[in-house]
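What follows is one structure encoded as structure tokens, with my remarks underneath.
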């Protein structure tokens, strides 16, 4: 017997007709001699009524939660008083109940999954995945995959699978290694990203490439990281930065429209890295709300308040009225993010009170005018070295957002670009220049001459990040296609020619054989889906994630393995060698 | 400057208009003071003419093969005498030539790639991938991905990514292992297939699942294997075998139509495993041609030819006229495939000559009638134990196909199902029963009572293989959804309860919590694309394959790694422990 339709697809057209449904018993209630069931599949849930004289009653009476059932009956409207709209207006009057499988009592109640410890949810992931929230998230993810594939195929992008067993290049993050049995003593690395391969595909003439690529980084797992993750990887030939951004905007709009029926306004606003840091203290600013920094460095310069007078930068945000307790909490955030403290002022009419008010008497009017802080409002300051000051105030800004739910007033989704990143960063710890995106990012053509000069920190990269609601959901760049520029870049970050060749020799060779101008981007797909679905963690949009020890609590991976397996691979566990 | 279109998309509508193209110099000829270029991108190739007085001439004169160029000019029809149809009817009269990048001389001529050693092609894969043949294959593959995604999304299948770092279960093939740094002394395994995870997704209520899944098996690499490969993995709930097959047929037809514009006739023919072996000596019979086996066991039974008289099975195929040399070669094939030799007869009018003719006098008329061998034709026999006899003759049949190009007369693509595989096979080496598909395959319901009896070898599985032109391109089954049947199956293949729990404990637990009836299939995607594109090897449809030592000759993976990396992972190279 086949089902008439998924439960959620039953509708007016089935009214007063016999239907067959299949699914799980979500709930059973016995009332006035009748049995009421909720039967659920991934699409929805419907009430089933079994009357005492029904031929289905005896079988229905054996049912418990999570049993798998097939039910035949009449699809009918519920009494008017019980209608709540949608499927809740209907019910199935059962004439046939078949138990397709029984079920043990689940270790937790599915509709209370939110209050269950994550360890339990992960151990019984197959039950956790039955929850409506998880099903919504994974179905949304699947829809996004289909929408992306449709768009990119139509636009002439070629899907290519790049190697999963590749060469270890101790660059960036730590590699996961895979011992080779056929080549004893040698190891593959799982790919951190398909970066070189997608550039090689451009060299090979594929013109436009995409792949939903599994990537691996063996990092210490912070709260919301996974050892493997998925990126939507793309690359295009014969393009400028504008060309890449234009296609990406249409793709993103297509995905939001198809998956969420949300219209994203095009084009996305663009902001330079410098502006993003200057105004929001973040290279992934949440632009759903304001609280833009006001620069008051000049107001305090050479003034009476010594702490500000000599600061490279003094920035301020005008927050709503804050309690002393809230200010203390924000100060904690500021300190956590590198500030020495959090100076503040409360406006009281034409004066300021509290905080540093005794030092600002002479600039009160100027501050009120420049910040526009309303009466009762609070000014929050960060001062000091530019990058530290804006970074700390950026964190404070997000905390103020959360305190007052400021993002709610904005659009549900705000997408923007951050562009013009620096090509090079000075790494204080190693006293050396390093790349900001990766070593294959192209500098702005007019800045190339700064390589090797004192001003190489000013070189702007043709790099761009895609920012959604304060999350970086994508990042990419135009790539270096000229071997000479690539050599300059390697030199700038301190690679000797031998080192460069050892790590990237085959790629440097390839660059010499006719490389077209090209550029691309990768989306952090897990994070994008997390934001689109309103989830709090990427674990909520991954079917079988690891916990923060890298453990799959359901399958119990990783695990010890047989000595025989290790011997075949010519490796041994070296106990005690790690610390 | 942007290109007008990909080269292959230029057409009548661009005639006598200015166009801009971008691509690679495929060839340069200088003739009568003019420069003729062939310029190529992934979509096609067009002739470019540069006249001596053109402003583009000086730049054009610097061009060499594989330079990357942008060319502006007039799109015009070539002189009538030179038209060959399609893009060859047109040319671009250049007014502007820009070198976007230079190129070293490639180590091999691209249009002679077929005659270059595969090692060289793999080392310079980025050049090899420029060849039209490789581009055709990879573009076909990409189109297939898009067609599959479109179909399955429309049909309500949910794309779910399953774990890449999972638990080692030394079952079937050898695992690739990944040491865990955070859990010293423990290892992940790369997945051999998402089998358990897709069944868990059915238990979790996802109803229909698909994924283009990367899978890993650390086997000794035969000619056409890769350490990692791609399967199109699918699973469905609340289905019978017929339901699965019906969806698969529509999917396959959709893919062939979309990608190759080929109409596959539906439904696909189905043949039992028994019939396939009996008639074609293969569980993946090539049905593009006949040469069906004729069973002549009864004709020889208790007859004068002792070797056949006592044989369990005597099968024959009626081949065209064969030379002695061809017969010798076929005998070699038969022996390679387990036969003691290859008995043969040549029909000469109403008699047979050669081979075993002196033993068949009394059954000549019967043989001619039953086999229908034409005058001059050759009969090829296999006799002995059934499975050995049909297997050897099956190999001979394919060799005869190749000798006479018999497949050519049939349809370009022939797809069929092989069904009703045995549930269990007796493994002579280990003197034990084992599964034929995998331990989760459901038996035919009416055969379940045979578990544990002497007749358990007769249990038929609800398993099916998809066969295309003699290649197995898919295989699947209805799965066991009842814990009790799963336990019987584990017992039949000799797992103790403890062993079963150790390997599959979490899965056995999951089965108890309300498992719907379900079944699925996986397509060998690389092999399917190989057959669709007419390639000889899966390496021709994989962008960056390994050689048969598991080595990526371009990236030089695997490779030795730093001691420091190994120490972090708590492993060491154990030299000499492997042999």
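When only alpha-carbon atoms count, how far does chain A stretch along each of its three principal axes, as whole angstroms with the largest first?
Extents along the principal axes, in whole Å: 91, 76, 53.
Rounded to the nearest 0.05, what FRET efficiency is calculated for residue B:258 and residue B:89 with R0 set to 30 Å and r the Cβ-Cβ distance?
0.60
Only helical DSSP H runs with n ≥ 4 go in: add -39500 (n - 2.57) per run for the protein assembly as shown, normalise by residue count and round the 222 nm mean residue ellipticity to 500 deg cm²/dmol.
-8000 deg cm²/dmol, from helical runs alone.
Over the range A:523-577, what number does the Rg to Rh ratio reach, with both radii from the alpha-carbon atoms and Rh per Kirkwood?
1.21
Using 10 Å bins from zero, what percent of all Cα-Cα pairs in the range B:47-136 falls into each bin?
It works out to 15, 33, 35, 17, 1, in whole percents.
Under 19 Å from a point 7 Å along the Cα-to-Cβ line of residue B:335: which residues of the range B:362-396 have their amide N that close?
Correct set: B:380-385, B:388-396.
At 10 °C and 1.306 mPa s, what whole-number value in µm²/s does Stokes-Einstein give for the translational diffusion of the range A:291-366, with Rh from the Kirkwood sum over Cα pairs?
It diffuses with D of about 120 µm²/s by this estimate.
Over the range A:7-101, how many percent of alpha carbon pairs lie in each 5 Å bin up to the one with the longest distance?
Result returned by the calculation: 3, 15, 28, 29, 18, 8, 0.
Sort B:145, A:296 so the one with the fewest other Cβ atoms within 10 Å of its own Cβ comes first.
With the sparsest Cβ surroundings first, the list reads A:296, B:145.
Modelling each spin label as a point 7 Å along the Cα-to-Cβ direction, I'd like the residue A:64/residue B:96 distance in nm, to one decimal.
7.8
Could you check the spin-label model distance between residue A:431 and residue B:328? Points 7 Å from the Cα along Cα→Cβ, value in nm.
8.0
Within 10 Å of each Cβ in A:84-92, how many Cβ atoms from other chains are there, averaged over the peptide?
So the per-residue partner count for this stretch is 0.
Could you state the principal axis extents of the C-alpha atoms in the protein assembly as shown, from the largest down, to the nearest angstrom?
126, 101, 65
Suppose the chain between residue B:321 and residue B:78 were pulled fully straight at 0.36 nm per residue; how much longer would it get relative to their current alpha carbon spacing?
82.3 nm
Given R₀ = 51 Å, what would the calculated FRET efficiency be for residue A:412 paired with residue B:537, taking r from the Cβ atoms and rounding to 0.05?
The calculated FRET efficiency here is 0.50.
So what is the diffusion coefficient of the range A:339-379 in µm² per second by Stokes-Einstein at 20 °C and 1.002 mPa s, using a Kirkwood Rh over Cα pairs?
210
Cα centroids of the range A:374-444 and the range A:454-511: how far apart, whole angstrom?
Each part reduced to its Cα centre gives a spacing of 22 Å.
Pull out the extension gain between residue A:362 and residue A:275, defined as 0.36 nm times the separation in residues minus the alpha carbon to alpha carbon distance; nm, one decimal.
28.4 nm
Under a crude label model (7 Å from the Cα following the beta-carbon direction), how far is residue B:453 from residue A:438 in nanometres?
Each label point is offset 7 Å from its Cα along the Cβ direction, giving 6.1 nm.
If you take the beta carbon distance between residue B:243 and residue B:12 as r and set R0 to 51 Å, what does 1/(1 + (r/R0)^6) give as a FRET efficiency, to the nearest 0.05?
0.60
What's the long-distance tail for the range B:410-486, i.e. % of Cα pairs beyond 20 Å?
In whole percent, the share of Cα-Cα pairs in the range B:410-486 beyond 20 Å is 38.
What average number of partner chain Cβ atoms lie no more than 10 Å from the Cβ of the residues making up A:98-105?
Neighbouring Cβ atoms belonging to other protein chains average 5 per residue here.
What does the highest-first list of B:407-418, B:6-17, A:460-471 look like by mean Cβ count within 10 Å?
Averaged packing, sorted descending, gives the order A:460-471, B:407-418, B:6-17.
Please give the per residue volume of the convex hull enclosing the alpha carbon atoms of the range A:433-537, rounded to a whole number of Å³.
131
With N residues in the range A:353-490, what two-decimal value do you get for its Cα radius of gyration over 2.2 N^0.38 Å?
So the range A:353-490 has a normalised radius of gyration of 1.42.
How big is the shadow of the Cα convex hull of the range B:205-246, averaged over all directions, in nm²?
Convex hull of Cα atoms, orientation-averaged projection: 4.3 nm².
As I understand it, the value is the acute angle between the Cα axis of helix A:386-404 and the longest principal axis of the Cα atoms of chain A; what does it come to in degrees, rounded to 10?
30
Multiply the residue gap between residue B:298 and residue B:446 by 0.36 nm, knock off their C-alpha separation, and tell me the result in nm, one decimal place.
50.1 nm
Express in whole angstrom the spacing between the alpha-carbon centres of the range B:262-331 and the range A:550-574.
47
What is the distance in Å between the Cα centres of the range A:111-142 and the range A:1-69?
The distance from the Cα centre of the range A:111-142 to that of the range A:1-69 comes to 23 Å.
FYI, it's all coordinate maths here, none of it is from the lab. Values in this document were obtained by computation on a predicted structure and should not be read as measured data. Cβ: placed from backbone, ideal geometry, glycine included. Neighbour counts: every protein chain shown.
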